[in-house]
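One structure is given here, and the rest of the page talks about it.
Computed from the coordinates by the stated procedures, all read-outs in this text should not be read as laboratory data. This structure is a prediction, so every number in the text was calculated from the model and none was measured. Here the Cβ is made from the backbone with ideal geometry for all residues, glycine too, and neighbour counts use every protein chain on show.
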Ligand SMILES: *Cc1c(COP(=O)(O)O)cnc(C)c1O
């Protein structure tokens, strides 16, 4: 029997181990000089002014909402097809969450539906304070259009780019915040690069940057020039608002420093694996979702979408693959159908495209060190399963 192939996993090399070892022997373990060095590398890589590293993308989403001034009972809109953290961040602020349906061809926010919903919300005086588009699988949403709508309807934008570091939207790097207020990346091990647990928020706005930095560390400032009170003693630090302990450690940052140097290579290998799947799985009552020509995905995920006619075989296919030691996953079960969100009043039928999408997709294994022989095995196995279904 072959070794189990997961749908995704981290690639750690000697340089990562070396960087972490050096840090363990240094003076700093918690947030210190390496966190700043990692942030600078992110700033350079994604072409933004400020990067603020924290202990997870979930934390980054939370303090991003706060730094944009989100208050109780205000609305945040995101999509049903994402990880629950895209919506939970608003609930942490006691805000209200609503969803915009997706385009089933891409899995991304449908900007036509967004506009329709905004027109309706304006009439009802329920316009969102923040919209959180999600760059599912690493493919960018239509940010120009979302940005245009944000000016007409006066909302802020946080890009949930947890999947998407290393990707491009038209001529801009994802994370450059050309069309948004803040972009968030995740460094969970299953994502493109990892720090163990970790995340970062990027912005070009000086005030937001300051706010994010205060919020990640108890609301405490050590910058005398910024102090509100009178005390200027050497030992003094000042708590200016209610923040959290969301700091990244220097240990995690050193792992990130080694990883980000490899980002372009990782993305290239992921793209090559995806191209192979596209070629080999043609004409089998399914398709691999492809990116638009103008954008470049980081290929966090490869999504196989079954034709409508065979979608009821999806769970069986996942099981058959699992029996052959091939891991796949569904990204995602719609957020609004999770019990927690059903309790808030959402139900089946609320976002039909998302629900249909969630029934038809599975994510195929993709990571930089997936071997050619392993991919051949996955493709052959999958072809066999799909052909058998067609004959039934
Ligand atoms: C992974 C993920 C998150 C949360 O990331 P963490 O770093 O694990 O907190 C948020 N949104 C999306 C879309 C994700 O995939």
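Give me the Kirkwood hydrodynamic radius of segment 166-306 in Å, from all C-alpha pairs, to one decimal place?
Details: mean 1/r = 0.0547 Å⁻¹.
That comes to 18.3 Å for segment 166-306.
Taking the convex hull of the Cα atoms, report for segment 168-229 its projected area averaged over all directions, in nm².
On the way: hull surface 22.8 nm².
Across all orientations, segment 168-229 yields a mean hull projection of 5.7 nm².
Over segment 8-128, what relative contact order in percent results from Cα pairs under 8 Å that are six or more residues apart?
Working: 103 pairs, mean separation 19.9, N = 121.
RCO, segment 8-128: 16 percent.
If you average the sequence gap of Cα pairs under 8 Å that are 6 or more apart and divide by the length of the chain, what percent do you get for the contact order? Intermediate values should be presented prior to the final figure.
Details: 790 pairs, mean separation 90.4, N = 392.
Answer for the chain is 23 percent.
Give me the extension gain from residue 113 to residue 227: residue separation times 0.36 nm, minus the current Cα-Cα distance, reported in nm with one decimal.
36.5 nm
If you take the beta carbon distance between residue 308 and residue 171 as r and set R0 to 30 Å, what does 1/(1 + (r/R0)^6) give as a FRET efficiency, to the nearest 0.05?
Values: r = 36 Å, r/R0 = 1.20.
Efficiency, rounded to the nearest 0.05: 0.25.
If the chain between residue 292 and residue 238 were fully stretched, how many nm would it gain, using 0.36 nm times the residue separation less the Cα-Cα distance?
On the way: separation 54, 0.36 × 54 = 19.44 nm, distance 4.86 nm.
That pair, residue 292 and residue 238, stretches by 14.6 nm at full extension.
Between residue 374 and residue 319, what is the FRET efficiency for a Förster distance of 25 Å, r being their Cβ-Cβ separation, to the nearest 0.05?
Values: r = 20 Å, r/R0 = 0.79.
Efficiency at R0 = 25 Å is approximately 0.80.
List the equivalent ellipsoid semi-axes of segment 226-283 in whole Å, largest first, each obtained as the square root of 5λ for an eigenvalue λ of the Cα gyration tensor.
Working: eigenvalues 490, 44, 16 Å².
Here the semi-axes work out to 49, 15, 9 Å.
State the percent of C-alpha pairs, over all pairs in segment 29-171, separated by a distance greater than 28 angstrom.
Here the tail beyond 28 Å accounts for 19 percent of pairs.
Treating each Cα of segment 266-392 as an identical point scatterer and ignoring solvent, apply the Debye formula and state log10 I(q)/I(0) at q = 0.19, 0.23 Å⁻¹.
Here log10 of I(q) over I(0) equals -1.10, -1.39.
Quickly work out the residue 387-to-residue 347 label distance, labels modelled 7 Å from Cα along the C-beta direction, and quote it in nm with one decimal.
The two pseudo-label positions are separated by 4.6 nm.
Which percent of Cα-Cα pairs in the chain sits in each 20 Å bin, short to long?
27, 56, 16, 1
Rounded to the nearest 0.05, what FRET efficiency do residue 278 and residue 18 have when you use their Cβ-Cβ distance and R0 = 56 Å?
0.95
Based on the Cα gyration tensor of segment 189-260, what are the three equivalent ellipsoid semi-axes, each the root of five times an eigenvalue, rounded to whole Å and given largest first? Could the numbers behind the result be given before it?
Working: eigenvalues 167, 37, 22 Å².
They are 29, 14, 11 Å, listed from largest to smallest.
Quick one: of the DSSP bridges fully inside the chain, what percent are antiparallel, nearest 5? The partial results should precede the final answer.
Values: 25 of 38 bridges.
Antiparallel bridges make up about 65 percent of those DSSP assigns within the chain.
Determine the relative contact order of segment 267-392: mean sequence separation of Cα pairs under 8 Å and six or more apart, normalised by residue count, in whole percent. Please report the intermediate quantities before stating the final value.
On the way: 133 pairs, mean separation 43.3, N = 126.
Dividing the mean separation by the residue count of segment 267-392 yields 34 percent.
Return the equivalent ellipsoid semi-axes of segment 29-74 as a descending list in whole Å, where each equals the square root of 5 times an eigenvalue of the C-alpha gyration tensor. Please list the in-between numbers first.
Values: eigenvalues 118, 38, 12 Å².
Whole-Å semi-axes of the equivalent ellipsoid: 24, 14, 8.
Bins of 5 Å, beginning at zero and ending with the bin holding the largest distance: percent of Cα pairs per bin for segment 267-335, please.
Once binned at 5 Å, the Cα pair distances of segment 267-335 give 3, 14, 20, 27, 21, 11, 3, 0.
Starting from the Cα-Cα distance between residue 49 and residue 145, subtract it from 0.36 nm times their residue separation and give me the gain in nm to one decimal. Before the final figure, lay out each step's value.
Values: separation 96, 0.36 × 96 = 34.56 nm, distance 2.29 nm.
Fully extending the segment from residue 49 to residue 145 adds 32.3 nm.
Would you mind estimating how fast segment 135-180 diffuses translationally, via Stokes-Einstein at 10 °C and 1.306 mPa s with the Kirkwood radius over Cα pairs, in µm²/s?
On the way: Rh = 10.8 Å.
My calculation gives 147 µm²/s for D.
So what's segment 122-229 giving for Cα Rg divided by 2.2 N^0.38 Å, two decimals?
My calculation over the Cα atoms of segment 122-229 gives 1.22.
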